[in-house]
Every structure is written in C-alpha cells, then in structure tokens.
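The following block contains the structure, expressed as structure tokens.
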C-alpha cells in the first residue's frame, strides 16, 4: 500500500444530484473540486449530514470526476444521521472532509484484477472500474452482490470468457469493464448465490498462469470479507480488503475505529480511518495459510 495518505480537504460542497432507488438506497453527487482531484478507490469522505447531527458520517467514494469537480456516493440510511442526509436537496450545501484513508494499491505485475463488492461495499469497486477502464495494462472484473435490488441500471452482460451469463451494471458495460451481479434474493438475471461463490467459479476456471497474474480486492460486511480472505488464501492470491467500521472523528484523533492486524513487529491495533480502510487480507486474517503464488 502507498505510504503517502495525501491531503484531506475541507469543502463546503453543493449537492448536485440526489437520487433515490428501491429499498431505501440513495446516490449522492456533490461538488468537491479539490477532493475530486486526489480521490482514489478505497478512500472515503466524512460528511456532516445535517446541522442537527453533530457527528459526521463516513461514506466510501463511488466515483470522482476531477475535470468537473464532483464526488459521488451510494448509501443506505440505516441510522438517524444518514436519514437526515437522505432528506437533503440539490442546491443545498454540506460540509465534507475528503479524501481520507489509504486506497487500494494495484500491483502492475498482476494485471488481472478481481474486485468483489457486497451491499454498501459496492462503491469502491465501481471506483476501481472507473480508474482502470482506460488503462490497458490492467484487466478488471467487477463482481457485485446484494440481497436487495441493485441501485443502478442493469443490462444483460456481454458474453465474456470464463463468466456465466447474467446481469451486469449498465455503466460498466458502457465502459467495457466486465461485471456480473450475484444475489441470494432471487433478483432477475443475477447469479443465484453469494458474490464470493461467483468469484470462486471464475477462479476455478483460471489456469495457473492466469492465477499468477491475479489479485483480489474486496469491500463489504465482515462475513463477506472473511470469505474473500479465505478464498484468496485457498488460491494463493494477494488480496486487499476495504474494512467497514463505525467512526467518530474520521481523521485518526479519537482511535475509536481500531482493528487488530498483524505487523512485522507483531499484533497491533490500527485505526481504520487513516491506517486503513484498506488493509492486506493476510494482515487482517493472519491465521490463514498465505502461501502466495
């Protein structure tokens, strides 16, 4: 991972778009020109949802446009803070700290990037696709899982070698980035199973030479990240995880979002907000057998 976390900008961000989707999901786009230049997949923003909510809320960055100066987020308002954010309208302004945290580090020696996103862990994977869509040195595959309707347009994915037929994210198809959707909820066109099971299907058909060029990235709930780490260890692949955690300050001051990880000096408590949120899977799950290819 990169050793330079970069600058964090405080911006008075205007809401440009705020769209609602099925199952109480929202996509928020805000003007944040300074943060948009340096945001990278895996980084997040700490947002003041409303004047009546004193603590900010962390949201993973889903897209960033440095030329037009905006950031985009996907969220589901489960608590009081994000419920207040869901009521905000285009033209209103909100205070935003971004980009925060360590991003995914892509290994050029492993150009085949298998990226798995589950639920609210989908946004960083969309950002990975956006970053790599015009980079011929990488070949990304984005797999996304959800137990509620996906909050974006879907289409029948184009036939791709090694992938089962099924639905894909329309935006990624436009970018010519292969993707597939997975769900245990019977969503039309989706693979019937967990996103990690879909990832396993793809890995099992890869010859050894292809696996030697593959790296895994993932973001999602703890149970999913544990399954991804086990999958990476089984196939002896390097893997990075974007970890979700409750946060108060979001900039490393309160140490309220610590995670136990393995370091060269032994076990240590690391702050998810600034030491992460991206960690090497082998550091988060050191008890797995990490015999990398």
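What follows draws every value from the coordinates through simple rules; no lab data is involved. Quantities reported herein were computed from a predicted structural model and do not represent experimental measurements. Neighbour counts run over all protein chains shown; Cβ positions are idealised from the backbone, glycine included.
For the range 112-284, just list the percent of Cα-Cα distances falling in each 5 Å bin from zero outward, please.
Per 5 Å bin, starting at zero, the Cα-Cα P(r) for the range 112-284 comes out as 2, 9, 17, 20, 20, 15, 10, 6, 3, 0 percent.
Using only C-alpha positions, report the orientation-averaged shadow area of the convex hull of the range 232-293, nm², one decimal.
Averaged projected area of the range 232-293's Cα convex hull equals 4.3 nm².
Give me the orientation-averaged projected area of the Cα convex hull of the range 17-99, in nm², one decimal.
Directional mean of the projected Cα hull area for the range 17-99 stands at 5.1 nm².
Could you work out how far apart the two model spin labels at residue 213 and residue 264 are, taking each label as a point 7 Å from the Cα in the direction of the beta carbon, and quote it in nm?
3.1 nm
Roughly speaking, what % of Cα-Cα pairs in the range 194-247 are separated by over 14 Å, rounded to a whole number?
Here the tail beyond 14 Å accounts for 52 percent of pairs.
Here's something else I'd like to know. Quick one: work out Rg over Rh on the C-alpha atoms of the chain, Rh as Kirkwood radius.
Across the chain, the Cα-based Rg/Rh ratio is 0.95.
Per residue, how big is the convex hull of the range 52-202 when only Cα atoms are used? Give it in Å³.
Spelled out: Cα convex hull of the range 52-202, divided by residues, is 140 Å³.
Here's another thing I want to ask about it. When only alpha-carbon atoms count, how far does the range 136-207 stretch along each of its three principal axes, as whole angstroms with the largest first?
Ordered largest first, the range 136-207 gives principal extents of 34, 27, 17 Å.
Just subtract the alpha-carbon distance of residue 158 and residue 292 from 0.36 nm times their residue separation and send over the number in nm, one decimal.
45.1 nm
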